[in-house]
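Read through the structure below, which is laid out as structure tokens, and then see the notes.
The values are calculated or read from the model by the stated rules, or taken from the named source; none is laboratory data. Only a predicted model underlies this, so the values are computations on that prediction, with no experimental measurement involved. Quick reminder, even Gly has a Cβ in these numbers, built from the backbone with ideal geometry, and neighbours come from all protein chains shown. All accessible areas refer to the heavy atoms of the entire protein, side chains included, with ligands and DNA or RNA removed. Shrake-Rupley method; radii C 1.70, N 1.55, O 1.52, S 1.80 Å.
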Amino acid sequence: MVSETYQSKKVCVIGAGPSGLVAARELRKEGHRVVVLEQNHDVGGQWLYDPNVEGEDPLGRTPSLKVHSSLYTSLRLISPREIMGFTDFPFSVKKGRDMRRFPGHRELLLYLKDFCDWFGLRDLIRFNTRVAYVGMLDYYGTSTDDVVGCEDLKWVVRSVEKKTQIVMEEVFDAVIVATGHYSQPRLPSIKGMDAWKRKQMHSHIYRVPELFADEVVVVVGTSLSGQDISMELVEVARAVYLSGKSLDISEGLSKVISKHENLHLRPQIDCLQEDGKVLFVDGSWVIADTIMYCTGYSYTFPFLDTKGIVAVDDDRVGPLYEHTFPPSLAPSLSFIGIPRKIIGFPFFESQAKWIAQLLSGKRTLPSRDDMMQSIKELYHSRDVAGIPKHNTHDIAEFEYCDRYGDHIGFPHLEEWRKELCLSALRNADTDLETYRDSWDDHELLQEALQSPHFTQHGAQDFPL
């Protein structure tokens, strides 16, 4: 719904990654006063590569992580650059930089820096500032009813400047959580895991393959990171055993395994034994030097105190209306970047626009009861479809992104953007080793490069 009243709010954005940056831009455009708190020394969030992982717990079991980024040195994008840009700032090729369609991670960091500088966002950001606590101001009640639906709800944000350890406490009208979800390792529960004496680590701290030279490595998880890291390790390790929930693998992974004598597919691990033995559920076993868990990441908000109104239950963050708004605290508290399996940047942009317009009073949310009903219907539909709770925020549906944008008249994803996304997924499925450098979607690429998305800032040079 559209409203006629306009208000300017003091808003805290937590995180200066892609979602935090676009949030800052949209908030300022809507007339709000914005402060972005970023724990690192620069923008980028997950895309700010950090090679220094020595002090990190290898399994990420400590309450707070020292390292935010999970990027490894050789990581390249899994999506073509053409689909990744924000709607009014294409991820264009720049001479002298990584000009590949599927560039290395540094190129995306440079894109985010360009975005930050183009829109003059750097002055809004306080770097090297860790958020220690976010909570409701003057919350003394014994039940959540005291704050639910409170129009003038404000938030206390306590932050720590990392170098000086100076603590600052401020009050904001609204808080946007944009901290990402690729940092906190999600680990399986395996019998004998705690007693296993050899090296165990999560891929969160994997950076280079050389450390595993001549080792026997068991890689747990056949998702994209598990596949990528296995292909890298196989060049230096004595043997790599890729362990997955299912032996039904893609044609592309099958080709890679048949090509390397020292790369083996195994089912799930049954148990680990203290002598270094790894037993698989089919009865086979191997003595391993290292187990690497490529088992994904969990949502975590250690700084956030909502008195239990918002909770994370088996990676379901809730209750959140449209994966963004806690019904009883919105719009003063919101989340950007929770959904997975989407074309991220345009979606974050639509979230940011909606939040900014709600805070200014330009738009209003449905009633709290209607939002809760929508959430219940989502949970029910997921349950009926047999989707596990920890996949609640996996979208994998272009139509949902378009419907989401309809709340604020945000443009639908262009057909070429959808088709290029699907084309890359299909190519990776059949040619895992080569899909980033060999493709057959030239006509779609030309359509993309000639679209208003790419021509809006004038002519660009693109490699064909």
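Length gained on full extension, LEU224 to SER258, computed as 0.36 nm times the residue gap minus the Cα-Cα distance: 10.4 nm. Peptides 408-420, 386-398, 338-350 ranked from most to least packed by the mean count of surrounding Cβ atoms within 10 Å: 338-350, 408-420, 386-398. The simple Förster model, with R0 at 51 Å and r as the Cβ-Cβ distance, assigns GLU397 and GLU169 a FRET efficiency of 0.80.
The sum of -39500 (n - 2.57) across all DSSP H runs of n ≥ 4, divided by the residue count of the chain, sets its helix-only mean residue ellipticity at 222 nm to -7500 deg cm²/dmol. In terms of its alpha-carbon gyration tensor, the range 31-182 comes out prolate; a/c meets the 1.5 threshold, and the first ratio a/b outweighs b/c.
A simple spin-label model places pseudo-atoms 7 Å from Cα toward Cβ; at SER250 and ARG368 they are separated by 4.5 nm. Sequence-distant contacts, meaning Cα pairs under 8 Å at least 6 residues apart, place the relative contact order of the range 86-218 at 14 percent.
Close amide-amide hydrogen proximity is noted between ALA132 and ARG158, SER159, VAL160, each under 5 Å apart and 5 or more residues distant or on a separate chain (H modeled in the peptide plane; Pro and chain starts excluded). With each label modelled as a point 7 angstrom along the Cα→C-beta vector, the ALA213-ARG426 pair spans 4.3 nm. Look at the alpha carbon pairs under 8 Å that are at least 6 residues apart: their mean separation over the length of the chain gives a relative contact order of 20 percent.
Around the amide H of GLN184, modelled in the peptide plane, lie the amide H atoms of SER298, all under 5 Å away and 5 or more residues distant in sequence or on another chain. Subtracting the Cα-Cα distance of ASP305 and ARG76 from 0.36 nm times their residue separation leaves 78.8 nm of extension gain. Charges were assigned to the Cβ only: +1 to each Lys and Arg, -1 to each Asp and Glu. The resulting dipole of the range 1-56 about its Cα centre is roughly 480 debye. In this rough spin-label picture, where each label sits 7 Å from Cα along the Cβ direction, the ILE287-GLU443 distance is 5.8 nm. Remark: the chain carries 45 Å² of accessible area per residue (probe radius 1.4 Å; ligands, DNA and RNA excluded). Phi angles of the range 183-199 translate, via the Karplus equation with coefficients 6.51, -1.76, 1.60 and θ = phi - 60°, into HN-Hα couplings of 10, 7, x, 9, 10, x, 10, 10, 4, x, 4, 6, 8, 5, 8, 8, 6 Hz per residue; Gly and Pro are given as x. Going toward the positive end of the dipole of the range 227-366, with +1 on Lys and Arg Cβ and -1 on Asp and Glu Cβ, which of VAL317, THR364, GLN268 do you reach last? It is THR364. Relative contact order of the range 1-87, taken over Cα pairs closer than 8 Å and 6 or more residues apart, is 23 percent. Rounded to the nearest 0.05, the FRET efficiency derived from the C-beta distance between ASP275 and ALA385 at R0 = 25 Å is 0.05. For the chain, with all protein chains in place and a probe radius of 1.4 Å, 51% of the accessible heavy-atom surface sits on carbon or sulfur. Which of the listed residues, LEU233, GLY120, PRO411, is farthest toward the dipole's positive end in the chain, when Lys, Arg count +1 and Asp, Glu count -1 at the beta-carbon? The one lying farthest along the dipole's positive direction is GLY120. Summing charges over neighbours of SER381, with a neighbour being any other residue whose Cβ is under 15 Å away from its Cβ, gives -1 when K and R count +1 and D and E count -1. The charge dipole of the range 82-143, taken about its Cα centre with unit charges on the Cβ of Lys, Arg, Asp and Glu (plus for the first two, minus for the last two), comes to roughly 380 debye. Taking amide hydrogens as placed 1.01 Å from N in the peptide plane, the amide H of GLY361 sits under 5 Å from those of GLN7, each at least 5 positions away in sequence or on another chain.
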